[in-house]
Amino acid sequence: MKRYFILSFLITLTICSLAEARIKVSGRGAKMNFNPDSISAEYKESFELMSIKCIKCHTMERTVIAIQTGRAPITGQPFNRQAVKAYGIKMLRKPNSDMNKKEIRDIVIFLNYLLKENAN
Ligand code: HEC
């Protein structure tokens with residue numbers, strides 16, 4: 001009996017921590033976005049920044065899918081820490097991206113946080 005109790009306790013714990021760790025997503029298609037409630041308070045500002053800067057040329061769907069699947073949806077390249085950094089630099093170089101170095105840096109740090117949370 002006791003063993004079953006411990007087992008079900010462990011299972012519940014695992015399920016809860018998974019639900020806790022993953023960044024939730026809401027909406028579909030063009031409306032797809034990260035759920036702000038599951039983003040840690042210290043990253044709220046970066047999330048707001050990303051929500052303004054990164055939806056100029058395409059919707060957030062692209063970023064959400066890249067984080068969720070670990071694969072960049074257009075090129076099919078792995079979307080990991082290295083790719084995030086490379087993508088940040090690429091954005092910075094785009095003449096019409098309207099982002100400065102600090103903004104890119106903040107978003108890169110934020111994307112790495114999202115990747116880390118989703119990998120748990
Ligand atoms: C100036 C327009 C523009 C802005 C601003 C922009 N993107 Fe993009 N994004 C593109 C284009 C164009 C592509 C298609 C592939 C490419 O050129 O890299 C793309 C592709 C992507 C992809 C898929 C990459 C792949 O290799 O499949 C992701 C993820 C992404 N963008 C995230 C972001 C994030 C995060 C931001 C904010 C930091 C952002 N984008 C801001 C134009 C933009």
> Counting only protein heavy atoms, what percent of the accessible surface of the range 23-119 is carbon or sulfur at a 1.4 Å probe?
Replying inline: 53
>> Tell me whether the range 30-73 comes out rounded, prolate or oblate; compute the Cα gyration tensor, take square roots of the eigenvalues as a ≥ b ≥ c, and use a/c under 1.5 as the rounded threshold.
In response: oblate
>> How much accessible area per residue does the range 23-119 have, counting only protein heavy atoms and a probe of 1.4 Å, in square angstrom?
In response: 64
> In whole Å and largest first, what semi-axes does the C-alpha gyration tensor of the range 23-119 yield when each eigenvalue is scaled by 5 and square-rooted?
Replying inline: 18, 15, 14
>> Within 10 Å, Cβ to Cβ, of residue 55, how many net charges do the neighbouring residues add up to if Lys/Arg are +1 and Asp/Glu are -1?
In response: +2
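The values are calculated or read from the model by the stated rules, or taken from the named source; none is laboratory data. Keep in mind that what you see is a predicted model, and the values were worked out from it rather than measured. Every residue, glycine among them, receives a Cβ derived from its backbone with ideal geometry; neighbour counts consider all protein chains shown. Surface areas here come from the heavy atoms of the whole protein model, side chains and all, with no ligands, DNA or RNA. Shrake-Rupley method; radii C 1.70, N 1.55, O 1.52, S 1.80 Å.
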